[in-house]
Each structure stands twice: as structure tokens, then as C-alpha cells.
Amino acid sequence: MDLDQLAVDLASALSLVALGGSQYVVDDPFTSWHRTHEAALAAARRTGNVLGEASLLAGLGQLYYERDFYAESRQYLSQALSLFREAADVRGEASTLAALGAACREQGYLAEALHFLGEAEPLWERLADTAAIAHVKRLTGTVRLERGDYAAAWTDFATALTLYQEAGSRRGAGLTLRNMSLYHRARGEYDLAEKVCEQALEIFRQLGDRLMVAYCSRSLAKVRLRLGGYEQARRLLEEALGVTRTLHDRWGEACTLRTLGELNLAEGRLYQAKADLEESVRLWEALRLGLFRARSLRDLALVHEALGDDATARTTRAEALEVFRLHGAREYEEMSQ
């Protein structure tokens with residue numbers, strides 16, 4: 001094996017260790033991931049190893065995705081996609097298209113996400129990769145849920161769950177069950193949302209996935225909040241916030257703060273709700289995620305209204321509404337009714 005290919009393989013293997021949550025040579029896995037990938041990338045380019053270059057660019061795209069730098073992630077992934085296509089590597093192309101779809105979804109670019117995921121799906125079907133097809137179906141369902149296309153979203157989730165079960169992927173099934181819970185909550189079907197979310201939570205507890213336990217706990221807290229179970233919701237949210245902060249997951253922290261803001265508003269703790277939501281907005285701004293920022297602004301408008309500041313409430317709500325319109329998010333129709 002050539003030394004440049006050995007460098008590519010080593011960097012790729014180490015990034016998998018980082019994704020698995022283990023220590024990656026040192027205590028900062030992403031710094032090491034970036035350093036090894038850049039070194040191997042230089043070697044691949046020097047020797048004209050196109051597939052190696054593509055794999056490393058995709059790995060860097062995944063690195064930036066994991067760190068919530070979605071614009072940078074898309075830049076690397078776009079470069080990787082061109083090289084995979086040049087090399088006629090269908091698996092690499094399909095994987096990168098799915099990753100681009102996920103990054104676009106996080107940024108709220110919903111139409112673009114559907115475009116990339118729609119291109120990835122037939123490639124995975126050609127490769128007969130059941131778990132990968134399930135992954136794309138699940139992601140597509142989440143985008144359609146964001147757009148308010150409930151029937152299509154449910155079809156995607158149901159298909160994904162079946163495929164994950166066929167592939168023996170408990171983690172995939174857990175992710176899909178959580179998405180199904182979000183679907184039920186969006187439809188106002190709170191009992192079903194609670195039941196399905198508890199199933200997902202139990203899977204991630206058994207798998208020992210702390211971050212997904214926190215995400216499921218937050219989702220379950222939001223359902224309990226809708227059902228009036230404020231004390232249970234607060235306990236779950238405080239646990240989730242602690243985990244996301246410990247793991248330096250700014251996305252999860254911002255989401256949890258927004259839900260805490262909702263809870264404090266429901267309980268009449270208006271100044272605490274305002275503080276939580278304003279902190280959530282600051283985090284979304286740091287992450288450059290306009291759609292999620294708009295959701296915190298929408299809730300913040302309710303707090304301003306409850307505090308008697310109607311002018312600020314109107315301005316804040318109008319700003320959120322315009323973002324929902326531009327992104328094609330379901331909240332635009334919900335708030336316009």
C-alpha cells in the first residue's frame with residue numbers, strides 16, 4: 001500500500017473513533033481529526049489520489065457538521081461530491097449527497113435538502129444498502145415535517161423504521177421513533193407523541209448514548225409541557241441542559257433553552273423565560289441558523305406580549321414570520337391563520 005493511501009486510511013479510521021465518542025489520541029478529538037485529515041489531504045493531492053482526496057474532504061465536511069459549522073461543512077462536501085463523481089464512486093457520491101442534505105436541513109434550506117436527499121436515494125437503492133436507504137428516508141421525512149407535509153413525512157418515517165429494523169439498526173430505529181414523536185406532537189397527538197418518545201428514550205438509554213438521551217428527554221419534556229406536566233418537564237429539561245453543556249453541544253443547548261423558555265412562560269416566570277429565550281437566540285446567531293433563531297423569536301414575542309410590551313412583541317413576531325416565509329417552514333402557515 002502506498003504511504004499516501006495509508007495516511008488516508010489512518011485519518012479516516014481515526015475520525016470514526018471520534019464519531020464513536022472515544023478519546024481520539026488526545027482529549028480534543030476534533031483538533032486531532034482536523035490535523036490528521038489536513039496532513040493526509042496534502043499527501044493525497046501531492047500524489048494525485050483522487051478518491052483519497054474525496055474521502056478526506058468528505059471527512060472534513062463531517063467534522064464541521066459535527067461542530068455545527070454547517071456552511072463550512074457544505075463547502076467541503078461539495079468539493080468531495082465533485083471528486084467522487086469524477087472517480088465514478090457511487091457509494092461516495094451517495095454518502096456525500098446525503099450529508100449535504102443533512103447540512104442543508106440544519107441550516108433551514110429545506111428545498112435544497114430535499115434536492116440532495118432525492119439524488120442520494122436512488123443511488124443507495126442501486127447499491128441495495130438497506131440502512132443507508134433508511135437514513136435518507138428518515139432525513140427526508142424530517143425535512144417534509146419541517147415544511148408541514150405531514151402525510152409524506154409519515155410515509156417516510158414508517159418506511160425508514162421498517163428498513164432500520166430489517167437492517168438490525170437499533171440506533172436508527174431510535175432516531176426514527178423520536179422523529180415520529182415530533183410528528184405526533186406537531187399534529188397535537190400528545191399521548192401518541194409521549195408513548196413513542198418514551199420508546200426512543202429507552203433505546204438510547206440501553207445504547208448508552210448520552211446525547212441522544214438528552215435530545216429525547218427534551219422532546220419528552222415538550223410533550224409533558226403540552227400536557228401540563230410542568231414539574232416533570234422541568235426535571236427532564238434540566239438534565240438535558242446539563243448534558244448538552246457538558247458535551248459542548250451548542251445546538252442542543254439552544255433548543256433546550258428555548259423549551260425552558262416555553263416552560264417558564266407557561267408557569268408565569270416571565271423574566272426567566274425572557275432570559276432563556278434571549279440566550280437561545282444568541283446561540284442560534286452564533287451558529288448562523290436563522291430558522292431556529294426565528295423559532296426562539298416567535299416564543300420571545302409571546303413573552304414580550306405577556307410583559308405588556310406590545311410594540312416589541314409585534315416587531316419580534318414579524319421578524320420570525322418573515323424568516324418562516326423565506327424558508328418555506330410550516331410555522332408560516334400556522335402563524336398566518
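The values are calculated or read from the model by the stated rules, or taken from the named source; none is laboratory data. Note that the structure is predicted; figures quoted are calculated from it, not measured. Here the Cβ is made from the backbone with ideal geometry for all residues, glycine too, and neighbour counts use every protein chain on show. All accessible areas refer to the heavy atoms of the entire protein, side chains included, with ligands and DNA or RNA removed. Shrake-Rupley method; radii C 1.70, N 1.55, O 1.52, S 1.80 Å.
Assess whether Arg91 counts as being open to solvent by 50 Å² or more (accessible area, probe 1.4 Å) and under 16 Å from the mean Cα position of the chain (by Cα). Here the answer is no, as Arg91 does not meet what is asked. Within the option set Leu326, Leu300, being touching a helix residue (DSSP H, G or I) at 6+ places or on another chain (Cβ under 6 Å) and of a type outside the set (Lys, Arg) holds for one residue only, Leu300.
Among the candidates Leu97, Leu60, the residue that is closer than 24 Å to Gly328 by Cβ, part of a helix (DSSP H, G or I), in contact with an Asp or Glu (Cβ under 9 Å, 6 or more places away or on another chain) and of a type outside the set (S, T, N, Q) is uniquely Leu97. Could you check, for the stretch 186-195, whether at least one of its residues is assigned to a helix (DSSP H, G or I) and either in contact (Cβ under 8 Å) with a residue 60 or more places away in the chain or among the basic types (Lys, Arg) (or both)? Yes, some residue in the stretch 186-195 is assigned to a helix (DSSP H, G or I) and either in contact (Cβ under 8 Å) with a residue 60 or more places away in the chain or among the basic types (Lys, Arg) (or both). Val323 passes every criterion in (1) touching a Leu at 6+ places or on another chain (Cβ under 9 Å); (2) closer than 25 Å to Tyr271 by Cβ; (3) modelled with pLDDT of 95 or more apart from (2).
Looking at Gly308, Gly252, Gly261, just one residue is on the phi > 0 side of the Ramachandran plot, out of contact with any Cys (no Cβ under 8 Å at 6 or more places or on another chain) and of a type outside the set (A, V, I, L, M, F, W, C), and that residue is Gly308. Taken over the stretch 103-128, the criterion of being open to solvent by less than 10 Å² (accessible area, probe 1.4 Å) and touching a Leu at 6+ places or on another chain (Cβ under 6 Å) is satisfied by Gly108, Leu117, Ala120. Taken together, the residues in the stretch 305-337 that are without any contact (Cβ under 8 Å) to a residue 12 or more places away in the chain, assigned to a loop (DSSP other than H, G, I, E, B) and surrounded by 14 or more Cβ atoms within 10 Å (Cβ to Cβ) amount to 1. Just to check your reading of the model, which residue among Gly261, Gly228, Gly252 is open to solvent by 10 Å² or more (accessible area, probe 1.4 Å) and at pLDDT 95 or above? From the options Gly261, Gly228, Gly252, the qualifying one is Gly228.
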